[in-house]
Amino acid sequence: MITMGHKELARELFIGGYNCSQAVFAAFCDVTGLAREDALRLSSSFGGGMGRMREVCGAVSGMLMVAGMLWGYTSPTDDGAKKEHYALVQSLAAQFKERTRGGSIICRELLCALSAEKKAAADTGTTPTARNDEFYKVRPCLRFVECAADLLDELIAEKGIS
């Protein structure tokens, strides 16, 4: 039986209509231990830069939720663990900025810098954008989903989690 990799699964989920955050977060259920339905529900608010407000990129939010599930801290008084986790978060964000060449983790800035459809950055209405061939031609979002999954897979391999 051939198992699909995280990047491929994230891609499939996104193309299947799940938002960017859901695609990344749910692709890693095998390592987070969450049921897919729970992962999809938990990450549903973060698509389109948090409910289409074009704030933090949903792929980044999904990536950081996986990082929290795998390496997050639980004690409110463990400043060392907090510092270590925040360093991890900042490192992942910096790598995302570098690899996407968008220089940002903010959805609207990424869409303005890298989208063939500049008006997408200003579209903060609640109606989801239709997923059709044109969407995938002009939006860089699929690339962001794949990048976030790649970064997580590299970190998982580095830290020796299977």
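The values are calculated or read from the model by the stated rules, or taken from the named source; none is laboratory data. Computed from a predicted structure; not experimentally measured. Using ideal geometry, Cβ is built from the backbone for each residue, glycine included, and neighbour counts are taken over all protein chains shown.
The helices (runs of 4 or more DSSP H) found wholly in region 20-133 and carrying at least 2 residues that are acidic (D, E) and either modelled with pLDDT of 95 or more or under 21 Å from E146 (Cα atoms) (or both) occupy 36-43, 79-100.
Cβ-Cβ below 7 Å, separation at least six or inter-chain, first residue in region 35-59 and over 22 Å from K7 (Cβ atoms) and surrounded by fewer than 17 Cβ atoms within 10 Å (Cβ to Cβ), second among the polar types (S, T, N, Q) and at pLDDT 95 or above: which pairs? Close Cβ pairs (under 7 Å, with a partner that is among the polar types (S, T, N, Q) and at pLDDT 95 or above) amount to G51/S45.
Would you check which residues across region 1-19 are in contact (Cβ under 8 Å) with a residue 12 or more places away in the chain and either outside any helix (DSSP H, G or I) or of a type outside the set (D, E, K, R) (or both) and list them?
G5, H6, L9, A10, L13, F14, I15, G17, Y18, N19
Kindly indicate whether R143 is farther than 23 Å from V31 by Cβ and not hydrophobic (A, V, I, L, M, F, W, C). No: the conditions fail for R143.
Quick check: is even one residue across region 76-83 closer than 27 Å to S44 by Cβ, among the β-branched types (V, I, T), surrounded by fewer than 17 Cβ atoms within 10 Å (Cβ to Cβ) and out of contact with any helix residue (DSSP H, G or I) (no Cβ under 7 Å at 6 or more places or on another chain)? No. Look at S21 and say whether it is on the phi < 0 side of the Ramachandran plot, among the small types (G, A, S) and touching a Ser or Thr at 6+ places or on another chain (Cβ under 6 Å). Here the answer is yes, as S21 does meet what is asked. Do we find a residue being surrounded by 15 or more Cβ atoms within 10 Å (Cβ to Cβ), farther than 28 Å from L88 by Cβ and in contact with a Lys or Arg (Cβ under 9 Å, 6 or more places away or on another chain) anywhere in region 137-157? No, there is no match, as no residue in region 137-157 is surrounded by 15 or more Cβ atoms within 10 Å (Cβ to Cβ), farther than 28 Å from L88 by Cβ and in contact with a Lys or Arg (Cβ under 9 Å, 6 or more places away or on another chain).
Is it true that I105 is β-branched (V, I, T) and closer than 13 Å to A67 by Cβ? Against the criterion (β-branched (V, I, T) and closer than 13 Å to A67 by Cβ), I105 does not qualify.
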